[in-house]
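Some notes on the structure that comes next.
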Amino acid sequence: MKKYLNNIITSLICFLFVILLNFALPRMLPGNPIAYLSGFAEEEMTSVQIEYYRNALHLDDSLPEQFIHYLRSLTDGTLGYSFKKKANVSDLIGEKVIVTLQITLPAVILSTFLGLVWGMASGYRKDSSFDKTSTTGLIILNAAPSFLLALVLVILFGFHWKILPYKGLSSSSMVPGKPGFVTDRILHLLLPVMTLVLAMLPSRYLLMRSSVRAATNERYILYAKQRGLSDRKIKYHYILRNIAQPFISMVGMSVSMCIGGSLVIENIFSINGMGKLLSDAVYTLDYPLMQGILFVTTGICVLSIIFTDITCILADPRVRYMERGQEA
C-alpha cells in the first residue's frame, strides 16, 4: 500500500511542478514576458497594445499576485486566454480533446485486451511454435516507430487495396445525424486506431508473456494442474490475479505515450485534433495555448497513474491482506 501512495504523491508533485513551470518560465526567459504570455512578438506590437497586454496579463502586479491570477485561470476552467485565436484555452482544447480521445481510448482498450489474451496464451504455452512465432513477430514490430507503421498502413489500405479512408475523421459529404455518419466515422478511425494498437501491443504482450512464463513454475500452478483444473481456469483465475498488478501499472503509465503518439498520428492522417492544435500553437508561437496543452496532457497522465494505483490495490488481494495483517 505504501508503494502506491508514494506513486500517487510523486505524480501530484510532478503535476505541481508543471504548474509552477508554466507560470515561471515565460517570466524567466530573456526579453519582455509579454511576448511569451501573449504569443505576439514585441516588435510587432504598438505601445498601446503593449500597455493593453500588460494590464490584461497583470504584469504590473507583484509576482505573488500574478501567481494568484494564474491559479484563478486554472481553477475557473479557462486555462488562460489565446490572444492569437481570440478564445479561452480551455474552449480550444475541449473541442479537440474529444477528437483525440476517439483515437486513444479504443487504441488503449484494444491493445490492452489483445496484449493480455495473446500474452497469456503464449506464456502458458512456452517454447511452443505459437510462442516462438508470436514473440519474434512482436519483437520486430516493437522496433518499428509509430509513424512508420502509419505510413505502411496508409500505403496498403489506402493506396494499394483502397479499402479504407486515410484522411480526416469523416467524408466531406457526411454531417452528424445523417444516415451512415457513424459507419463513416468508424471507417475513418480504423487506420489511426490500428496504428496506435500496433505501436502499444508489443510491450503489453511481452510483459504478460514473461509474467505468465514465470508464474507457470510456481507451486500453486503445479498444484492446480494436478487437481485437474482446466487451462482456462488456471490462466484467468489463478495466474491473472497474481500477475495483474505489473500489467495494470504498465497500461496506466503508457497513457502518456498513447497521447504523445496520437499527436503524431493525427498529423499523418490529417485529423484536426490535439495534434493539429499543438502544431498550430508551435508554428504561431501561441505560448498560452502550448502551456494549456501541457497542463491538460500532464493532468490526464497524473489521473491515469492515480487511477492505476487504486486499481492495483483493488485487484491484488495480497496488498489488502498484508495491510490487514499489519493492522492486526
Problem set entry | All positions within region 31-71 that are buried (at least 17 other Cβ atoms within 10 Å of the Cβ), assigned to a helix (DSSP H, G or I) and small (G, A, S) | A35, S38
Exercise. Can you tell me how many residues in region 171-195 are closer than 27 Å to T112 by Cβ and in a loop (DSSP other than H, G, I, E, B)?
Worked result: 0
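Hey, can you tell me all the residues within region 129-164 that are touching a residue at least 60 places away in the same chain (Cβ under 8 Å), within 19 Å of V264 (Cα to Cα) and touching a Phe, Trp or Tyr at 6+ places or on another chain (Cβ under 8 Å)?
We begin by selecting, within region 129-164, every residue touching a residue at least 60 places away in the same chain (Cβ under 8 Å); these are 131, 134-135, 138-139, 141-142, 146-147, 150-151, 154.
Subsequent filtering for residues that are within 19 Å of V264 (Cα to Cα) retains 141-142, 146-147, 150-151, 154.
Within region 129-164, A150, V154 meet the criteria.
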Exercise. Among N6, N22, which is assigned to a helix (DSSP H, G or I), touching a Leu at 6+ places or on another chain (Cβ under 9 Å) and closer than 30 Å to G252 by Cβ?
Worked result: N22
Seminar exercise, completed: Given the conditions (1) under 20 Å from the mean Cα position of the chain (by Cα); (2) at pLDDT 85 or above; (3) not hydroxyl-bearing (S, T, Y), every one holds for G158 apart from (1)
For this session: Go through region 110-144 and count every residue that is surrounded by 14 or more Cβ atoms within 10 Å (Cβ to Cβ) and more than 12 Å from R204 (Cα to Cα).
Result: 9
For this session: Determine which single condition P165 fails, assuming it passes every other condition in (1) over 21 Å from I103 (Cβ atoms); (2) of a type outside the set (S, T, N, Q); (3) touching a helix residue (DSSP H, G or I) at 6+ places or on another chain (Cβ under 6 Å); (4) not in a helix (DSSP H, G or I).
Result: (1)
Exercise. Of the conditions (1) assigned to a helix (DSSP H, G or I); (2) without any contact (Cβ under 8 Å) to a residue 40 or more places away in the chain; (3) farther than 30 Å from S203 by Cβ, L74 fails just one. Which one is it?
Worked result: (2)
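Table: residues versus (1) at pLDDT 85 or above; (2) in a helix (DSSP H, G or I); (3) farther than 29 Å from S172 by Cβ; (4) within 14 Å of the chain's Cα centre (by Cα).
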{"residue": "G252", "(1), (2), (3), (4)": "no, yes, yes, yes"}
{"residue": "C258", "(1), (2), (3), (4)": "no, yes, no, yes"}
{"residue": "A281", "(1), (2), (3), (4)": "yes, yes, no, no"}
{"residue": "T298", "(1), (2), (3), (4)": "yes, yes, yes, yes"}
{"residue": "I313", "(1), (2), (3), (4)": "no, yes, yes, no"}
{"residue": "R320", "(1), (2), (3), (4)": "no, yes, yes, no"}
{"residue": "E323", "(1), (2), (3), (4)": "no, yes, yes, no"}
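The values are calculated or read from the model by the stated rules, or taken from the named source; none is laboratory data. No experiment lies behind these values; they were computed from the predicted model shown. Cβ atoms come from the backbone with ideal geometry, glycine included; neighbour counts cover every protein chain shown.
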